[in-house]
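The values are calculated or read from the model by the stated rules, or taken from the named source; none is laboratory data. All figures in this text were calculated on a predicted structure; none of them were measured in a lab. Glycine gets a Cβ as well: all are built from the backbone with ideal geometry, and neighbour counts include every protein chain shown. These area figures cover heavy atoms from the full protein model, side chains too; ligands, DNA and RNA do not enter into them. Shrake-Rupley method; radii C 1.70, N 1.55, O 1.52, S 1.80 Å.
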Amino acid sequence: MPEGVTVVQHPLVQHKLTWMRAKETPSPLFRSLLKEIALLLAYEVTRDLKLTDMTIETPLQPMQSPVIDGKKFCLISILRAGNGLLEGMMDLVPNAPVGHIGLYRDHETLEAIEYYFKVPGNLEERLTIVVDPMLATGHTAVAAITRLKQAGAKNLRFVCLLTVPEGIKVLREAHPDVPIFTAAIDERLNEKGYILPGLGDAGDRIYGTK
Ligand code: URA
């Protein structure tokens, strides 16, 4: 396993991913599978979140009981496919504030151009979980994380559904402090930057565009 990468190999994740890959799976089923996998990935990426005790009363007596401090982390979706992954995560951590980053690639310069950026305040105090289903060339993820660091984020994690060794290398070299969580590491990129065997264009499959 490459350093800094966690592959979530739970049978439920792998089973659902297989059906997401299958080309005949229609968008409504693709979206629900993505949401279910997102929930399971969120479970893994939040495994070591800090807990603080609060006082509650059970029907029998008062007690100190642990809760996650929702102010201490946030979710950031890289538009547009990130929103598919975001949904399941929001179900699991409904109090987490959510940010969005929109980037497109200039076809001539290949530079990532930002067209949207709205993120929660006090990023420096939060664990910042960035989500995008496909970590392919890695350029968008690198640009998004660089921008989040400029905005103050210091403690980041990246969650995707699929990646390839090329994408992992690019992201880990640019941001070695950012651990990656994924459901699978596929073989390689094709000449158009698509993951092989992959699942096609995640945004198109989520939203039924083509
Ligand atoms: N983005 C996608 O949606 N699919 C890929 O295979 C690569 C990048």
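Hey, can you tell me all the residues within the stretch 112-135 that are under 23 Å from LEU39 (Cβ atoms) and in contact with a Phe, Trp or Tyr (Cβ under 9 Å, 6 or more places away or on another chain)? Those that are under 23 Å from LEU39 (Cβ atoms) and in contact with a Phe, Trp or Tyr (Cβ under 9 Å, 6 or more places away or on another chain): ARG126, LEU127, THR128, ILE129, VAL130, VAL131, ASP132, MET134, LEU135.
Give me the residue from the stretch 100-133 that is closer than 18 Å to LEU156 by Cβ, open to solvent by less than 50 Å² (accessible area, probe 1.4 Å) and of a type in the set (D, E, K, R) and, out of that set, nearest to the ligand (Cβ to nearest atom). Filtering first and then ranking leaves ASP132. Checking ALA202, ALA136 one by one, the residue that is under 18 Å from the mean Cα position of the chain (by Cα), within 15 Å of SER77 (Cα to Cα) and either surrounded by 18 or more Cβ atoms within 10 Å (Cβ to Cβ) or within 16 Å of the ligand (Cβ to nearest atom) (or both) is ALA202 and no other. Exactly one condition in (1) away from the ligand (no atom under 14 Å from the Cβ); (2) without any contact (Cβ under 8 Å) to a residue 40 or more places away in the chain is not met by ASN190; state its number. Exception for ASN190: condition (1). Of the listed requirements (1) in contact (Cβ under 8 Å) with a residue 40 or more places away in the chain; (2) out of contact with any Asp or Glu (no Cβ under 7 Å at 6 or more places or on another chain); (3) within 16 Å of the ligand (Cβ to nearest atom), ILE78 misses just one: (2).
With at pLDDT 95 or above, under 18 Å from LYS16 (Cα atoms) and assigned to a helix (DSSP H, G or I) as the only criterion, which of ILE206, ILE168 stands out?
Step by step, each of ILE206, ILE168 is checked, and only ILE206 is at pLDDT 95 or above, under 18 Å from LYS16 (Cα atoms) and assigned to a helix (DSSP H, G or I).
Select from the stretch 86-99 the residues that are part of a helix (DSSP H, G or I) and open to solvent by less than 40 Å² (accessible area, probe 1.4 Å) and write down the one among them that is nearest to the ligand (Cβ to nearest atom). Taking the candidates together, the pick is LEU86. Of the residues making up the stretch 139-159, just one is more than 16 Å from the ligand (Cβ to nearest atom) and of a type in the set (Ser, Thr, Tyr), namely THR146.
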